[in-house]
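Reading through the structure tokens given below for one structure.
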Amino acid sequence: MWLRFLTLLMLAPLLAACASPIAPPRPVSAASGPVLITATADLPTIAPPPERSTPQSDAPVPTLILPTLTAFPDDDFFALGQSVEGRTIWAWQFGEGERTIVLVGGIHGGYEANTVLLSEMLVEHFRRSPEDVLPGIRLVIVPSANPDGTERGRGLEGRFNARGVDLNRNWGCEWSEEATLRERPVDPGPRPFSEPETLALRSFFISVEPDAVIFYHSAVGGVFMGACGNEPAAGWMGRLLAEATGYPYYREFHYYEVTGDASNWLAERGVPAAILELYSQDEPEFDENLRGVMALQCHFAGSSLARSSDASVLRRVCAPYTE
Ligand SMILES: [Zn+2]
């Protein structure tokens with residue numbers, strides 16, 4: 001994987017420059033594999049968008065868990081790329097299974113700092129409790145996808161990268177130069193994938209072809225599945241996450257129009273990708289989101305382990321998420 005990944009990293013600018021065609025999207029695989037949670041509860045009524053509170057000065061501020069070259073084996077973490085200002089975008093990796101789940105925090109930087117904090121707490125959890133990485137799973141966590149924005153603090157400017165671009169308006173599905181955040185215009189970049197942070201994530205996704213991706217945002221409070229154009233969303237994953245975490249699942253993001261969204265681009269490629277909006281701007285909401293990650297692992301691990309000696313372990317670990 002590393003050679004392939006490193007090669008891809010080196011090739012990424014070249015690929016972007018010559019707009020090399022991306023492999024065609026894989027077919028949406030919502031019907032394949034066991035769906036452990038099949039209940040289709042009525043979708044909740046969509047509430048009006050919550051007012052954003054002014055960030056409190058005593059709110060938790062993430063302290064980035066930056067890998068060092070001595071504390072852990074090399075393969076615990078790796079660099080996805082660099083930000084505009086040269087900060088490394090780190091990824092942590094747990095397990096070496098065939099099913100890859102990717103968790104991404106902080107694409108909106110310090111403005112949604114609690115998503116960075118949550119992602120770091122998940123990193124810490126799986127470092128301390130490696131048994132919670134289930135057999136058959138490779139779990140990759142990118143705590144801070146927009147490190148320049150995280151550095152800029154919790155005001156609106158912390159949402160954007162160092163060039164002022166909203167990194168979740170910079171992807172290739174329904175990209176528009178008229179991007180907005182609610183009524184407010186935001187800069188989507190001069191073209192799709194114009195920003196190094198977006199390119200780094202895109203290269204990684206193309207390289208590993210993940211089975212599921214979650215992007216953490218705040219603070220609408222809900223689960224939304226990516227879908228590009230008329231493509232159906234992978235509703236099974238939205239329902240599974242909602243069931244495990246307690247956040248309501250909405251079939252679509254209705255609050256305001258979003259263009260160039262990362263989860264929609266992944267969906268276009270056949271990758272189930274969720275936006276998980278935390279309820280608050282201040283709390284990491286760790287317990288409920290750990291349940292969500294465990295449920296997603298159980299979903300994928302279940303199919304590969306049904307006949308193996310790990311099956312009983314899996315049944316015990318996953319019982320809370322499958323009953
Ligand atoms: Zn966001």
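Observations on the structure shown:
- Relative packing of peptides 183-189, 106-112, 137-143 - highest average C-beta neighbours within 10 Å first: 106-112, 137-143, 183-189
- Panel values: the range 227-323, Kirkwood radius from alpha carbon pairs, Stokes-Einstein at 37 °C and 0.692 mPa s, translational diffusion coefficient 219 µm²/s.
- Antiparallel content of DSSP bridges confined to the range 73-147, in %, to 5: 55 percent
- For the range 186-232, the fraction of C-alpha pairs farther apart than 16 angstrom is 62 percent.
- By the count of other C-beta atoms within 10 Å, a proxy for reagent exposure, 119, 176 are ordered fewest to most as 176, 119.
- Stretching the chain fully between residue 252 and residue 163 yields a gain of 29.1 nm (0.36 nm per residue, less the alpha carbon separation).
- Contour minus Cα-Cα distance for residue 313 and residue 209 (0.36 nm per residue): 34.7 nm
- If the Kirkwood radius is taken over C-alpha pairs of the range 263-304, then at 25 °C and 0.890 mPa s the Stokes-Einstein diffusion coefficient equals 201 µm²/s.
- Around residue 230: net Lys/Arg minus Asp/Glu count, Cβ-Cβ under 14 Å: -3
- Calculated FRET value between residue 182 and residue 151, using beta carbons and R₀ = 35 Å, to 0.05: 0.90
- The alpha carbon convex hull volume per residue for the range 147-227 rounds to 115 Å³.
- In the range 75-124, the ratio of gyration radius to Kirkwood radius, Rg to Rh, stands at 0.99 when only Cα atoms are counted.
- Exposure proxy shown here: for 252, 288, the number of other Cβ atoms within 10 Å sets the order, fewest to most, as 252, 288.
Computed from the coordinates by the stated procedures, all read-outs in this text should not be read as laboratory data. On a predicted model such as this, the values are computed, not experimentally measured, just so you know. Using ideal geometry, Cβ is built from the backbone for each residue, glycine included, and neighbour counts are taken over all protein chains shown.
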